[in-house]
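For reference, the structure discussed in these notes is given below.
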Amino acid sequence: MGRSLEGKKERPLAAQVREFEITCTDLAVGGRGLGRVADGRVALVEGALATERARAELVKEHRSYLEARALEILEPSPDRVAPACPSYGDCGGCELMHLAHHAQVARQGRLG
């Protein structure tokens, strides 16, 4: 189970850094960008896509991976689109509405 960062002494990344830059190399299940931080752990970044460089905020630390939220997309993916739904981001019903349709179809094919 994940640990809250409030009042905890954690590994060096969490102890010193709550915001960091990351380049996502793939998409994880749930539509989060997947990348690695300086200490080698995987980070799952909500709001980031594969190939994007983002400024992210650490949300939760696990033993082998981190959960983070994109604060700013520094280098957007060519597949990033404006979500068609005005409630996107608020309701949580669509994980990848900010990813172009052709890229969503290609991703589904890879996942089987």
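Scanning the range 27-45 for residues that are over 17 Å from Gln104 (Cβ atoms) and not in a loop (DSSP other than H, G, I, E, B) yields Gly35, Arg36, Val42, Ala43, Leu44, Val45.
Could you check, for the range 70-80, whether at least one of its residues is part of a loop (DSSP other than H, G, I, E, B), modelled with pLDDT of 85 or more and more than 18 Å from Thr23 (Cα to Cα)? Within the range 70-80, not a single residue is part of a loop (DSSP other than H, G, I, E, B), modelled with pLDDT of 85 or more and more than 18 Å from Thr23 (Cα to Cα). Output the residues belonging to the range 27-41 that are modelled with pLDDT of 90 or more and surrounded by fewer than 14 Cβ atoms within 10 Å (Cβ to Cβ). Gly40, the sole residue that qualifies. Condition (residue is assigned to a loop (DSSP other than H, G, I, E, B), within 16 Å of the chain's Cα centre (by Cα), modelled with pLDDT under 85 and not basic (Lys, Arg)) applied to the range 58-69: is it met by at least one residue? Checked the range 58-69: no residue is assigned to a loop (DSSP other than H, G, I, E, B), within 16 Å of the chain's Cα centre (by Cα), modelled with pLDDT under 85 and not basic (Lys, Arg). May I ask you to verify whether Gln104 is modelled with pLDDT under 95, part of a helix (DSSP H, G or I) and loosely packed, with under 12 Cβ neighbours inside 10 Å? No; evaluated as a whole, the condition is false for this residue.
The values are calculated or read from the model by the stated rules, or taken from the named source; none is laboratory data. Bear in mind that the values here come from a model prediction, so they are computed numbers and not experimental data. Every residue, glycine among them, receives a Cβ derived from its backbone with ideal geometry; neighbour counts consider all protein chains shown.
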